[in-house]
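Structure record follows, encoded as structure tokens.
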Amino acid sequence: MVGHCAPTPSIVPHPARMLRARLRSYAPSVLISAMPDALALLTTRRSVKPIELVGPAPSAAEIDTILTIAARVPDHGKLVPWRFLVFEGDGRLAAGEKIAAAFRADHPDAKPEHVEMERTRLARAALVVAVVSRAAPHVKIPEWEQVLSAGAAAMNVVLAAHALGYAANWMTEWYAYDRRVLDALGLAPNERIAGFVHIGRPAQPPTDRPRPPLADVVTRFTA
Ligand SMILES: Cc1cc2nc3c(=O)[nH]c(=O)nc-3n(C[C@H](O)[C@H](O)[C@H](O)COP(=O)(O)O)c2cc1C
């Protein structure tokens, strides 16, 4: 009589098992646990006006961290429908010249101090990261979703800056919508500014502003 015996344990490594083992060695399974620091950041973050930001600017390594986090956002279709333009050091005033030129063209009689204010727009904070939307018509992915991805990237710039101990302010102001300025900053015709995120150290701890009560913005769907 032939007895049933337990299957012999496989000694030949199965390709799928080998692959799983290799992947495990690259990326040990991550136990997602609560991150109270992250919650503290998210519940306390608030914007600080550019004029209330002081130096020094984030280091080169910190800027890389901010941009790496910014590039890590939901992106339907993996189109990467955004890019980043960094203004630091002298580049901030060089860009300011372009802003001031557009302003002067529209306001030839403007007072010198007003022109100077425009020239220093991007020099108020030690670092400005512009999030450029590259949203374009696509056969499958709505442009709207590409724009939202750029918004997510801008928010990640803000959050990463805060997580590193800086403060930030996501702004657009008039020059974000001025085609002459965008051209001068090197944006392609289909590119737009999602935001100029100003980053620095807060001169003093910011006070919060009222937030919308959840009751005003939340409803629960019922059948
Ligand atoms: C797309 C976008 C553009 C913005 N542009 C400006 C702006 O040009 N000027 C401004 O004062 N605030 C602007 N804000 C608002 C600030 O980023 C910020 O939300 C506001 O100062 C409130 O601070 P909070 O972030 O602490 O709520 C903008 C926000 C978004 C989302």
Open item on the list: What's the ranking of 166-179, 72-85, 199-212 by average number of surrounding C-beta atoms within 10 Å, highest first?
Closed with: 166-179, 72-85, 199-212
TODO: Just name one of Asn190, Trp170, Leu148: the one whose Cα is farthest towards the positive end of the charge dipole of the chain (beta-carbon charges, Lys/Arg +1, Asp/Glu -1).
DONE: Leu148
Task: Surrounding net charge for Leu185, when Lys and Arg each add one and Asp and Glu each subtract one, Cβ distance under 13 Å - done: +3
Open item on the list: Student exercise: in the chain, how many lysine pairs 8 or more apart or on different chains have Cα atoms under 26 Å apart?
Closed with: 4
- [ ] Provide the per-residue ³J(HN,Hα) series for the stretch 140-146, in order, calculated from phi with Karplus coefficients 6.51, -1.76, 1.60 and θ = phi - 60°, each as a whole number of Hz, with x at glycine and proline positions.
- [x] 10, 9, x, 4, 3, 5, 5
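Report the far tail of the P(r) of the chain, meaning the percent of Cα-Cα pairs longer than 21 Å. Spell out each step's value before the answer.
Values: 16546 of 24753 pairs.
Counting every Cα pair in the chain, those more than 21 Å apart make up 67 percent.
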TODO: Would you grab the residues whose amide H sits under 5 Å from the one on Leu127? Only those 5+ places off in sequence or on another chain, please, with H modelled 1.01 Å from N.
DONE: Ile199
Task: Spin-label pair Asn190/Glu116, simplified geometry with 7 Å Cα→Cβ offset, distance in nm - done: 4.3 nm
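We did not get these values from a lab; they are worked out from the coordinates using the rules stated. If you're wondering where the values come from, they're calculated on a predicted model, not measured in any experiment. Methodologically, a virtual Cβ is constructed for each residue, glycine included, from the backbone with ideal geometry; neighbour enumeration extends over all protein chains shown.
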